[in-house]
Amino acid sequence: MFIEDLSNWYIRRNRRRFWKSEDDSDKQAAYHTLYDVLLTLTKLLAPVMPFVTDEMYKNLVLNIDESALESVHLCDYPEAVPKYIDDDLVKQVDALKKVVELGRSARNKADLKIRQPLQSLYFVVNDDNVAKFLNDNKSVILDELNVKDILRKTNAEELITYNVKPNLAILGKSFGKAIPSIKKALDEMKVNDITNQLKVNGEVILKTSVGDFTINQDHILMETSSVDDIIATQDDGFTVGLSTVLNKELIQEGLIRDLIRQVQIMRKNADFAVEDRIVVFSDFDGKIGEALSKYEKYFCSETLTVAIEPKSAKVEFFDTIKIQGEKIELGISRTIKD
């Protein structure tokens, strides 16, 4: 879990800070934080991974500080600093990660790739402090899930509808001949009342013509479905829904994101350095050309492209790519450094 958080959250979320050309205090802070975490991790693992951690220590520390202790095993073992532990912040960040996780799950249910922008994300959470944190840091959610806006809803029923059915196999063992009366009482009861009682009390009291009966979650089958034009998921007190309506602008941006991904793959296959600026060669037309004319600045920024030129045979790397069924001949070359 720690390695997952470090690599997929801290490093990935801060990659722009690591890659930017200016060597300012923000970039230095990002690197120093990562250095401190890796050094502390190396010291923590030293007793159980003595040789690997010593090699890590030499690469991490001795390469830049010849005056440092010559081995990780000569360093003091790290101690926790209670004043640095912020339980509220941990809870809030966990909530943000949960919203992103549920958003990805909703995308998978709707078969909408992450490269396709969506208009809105809706979330339901009872804790106002958590909700404020999510709104204050919505840029992370927008970026992770590729949506334009997030909105808080007051009730999960605005995103998900429920259908309650009796679990006859379990009810039969518990109540026998009373099943018809219980089924009738369930049918007459509002679904929201059933779900609310289950959330608060863990059970539902049914009043029937043959007496009162107490049932729990095992006695019923709860089916959920999303409301119109929204795909939603729930877990651990959170409900997240995504708008699935795509307008022309969203579709065009999705095309450009597909194109960006293909160019990034080409850069990797061509063995270009991360910081290399490039020229892209192709005769973009049709829907790709129309989308590129609108999002050219964004495309160039994401791919480090300094110019887009007509198709040419004199390129460093060439490939035929496919975007939404359309084949495109594409060449890339690095710019000459001064």
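The values are calculated or read from the model by the stated rules, or taken from the named source; none is laboratory data. Since the structure is predicted, the reported quantities are computational estimates derived from the model, not experimental observations. Note that we place each Cβ from the backbone using ideal geometry, even for glycine, and neighbour counts take in every protein chain shown.
Considering the range 208-261, the residues that are over 30 Å from Gln92 (Cα atoms) and hydroxyl-bearing (Ser, Thr, Tyr) include one that is surrounded by the most Cβ atoms within 10 Å (Cβ to Cβ), namely Thr208. Scanning the range 194-208 for residues that are polar (S, T, N, Q) and not in a strand (DSSP E or B) yields Thr195, Asn196, Gln197, Asn201. Glu290 meets each of the listed conditions (1) in contact with an Asp or Glu (Cβ under 7 Å, 6 or more places away or on another chain); (2) within 21 Å of Gly325 (Cα to Cα); (3) surrounded by fewer than 16 Cβ atoms within 10 Å (Cβ to Cβ); (4) not hydrophobic (A, V, I, L, M, F, W, C) apart from (1). Quick one: in the range 231-257, which of the residues that are within 18 Å of the chain's Cα centre (by Cα) and either assigned to a helix (DSSP H, G or I) or of a type in the set (A, V, I, L, M) (or both) is nearest to Met189 (Cα to Cα)? Checked the range 231-257; the qualifying residue nearest to Met189 (Cα to Cα) is Ala232. Can you confirm whether the range 209-221 contains a residue that is assigned by TED's automatic domain parsing to the domain that holds Asp187, part of a helix (DSSP H, G or I) and among the polar types (S, T, N, Q)? Checked against the condition, which is being assigned by TED's automatic domain parsing to the domain that holds Asp187, part of a helix (DSSP H, G or I) and among the polar types (S, T, N, Q), the range 209-221 yields at least one hit.
Listed by first and then second residue, the pairs with beta-carbon distance under 8 Å, at least 6 apart or on different chains, first residue in the range 121-142 and closer than 11 Å to Ala95 by Cβ, second among the acidic types (Asp, Glu), are Asn129/Asp88. Of the strands (runs of 3 or more DSSP E) entirely within the range 72-166, those holding at least 2 residues that are in the same structural domain as Gly241 (by TED's automatic domain parsing) and more than 28 Å from Val204 (Cβ to Cβ) occupy 118-124, 147-152.
Given the structure, is Asn155 touching a Lys or Arg at 6+ places or on another chain (Cβ under 9 Å) and surrounded by fewer than 16 Cβ atoms within 10 Å (Cβ to Cβ)? Answer is no for this residue.
Number of residues in the range 42-61 that are outside any loop (DSSP other than H, G, I, E, B), crowded, with 17+ Cβ neighbours inside 10 Å and aliphatic (A, V, I, L, M) equals 3. For the range 1-15: of the residues being surrounded by fewer than 10 Cβ atoms within 10 Å (Cβ to Cβ) and of a type outside the set (Phe, Trp, Tyr), which is modelled with the lowest pLDDT? Going through the qualifying residues, I end up with Met1.
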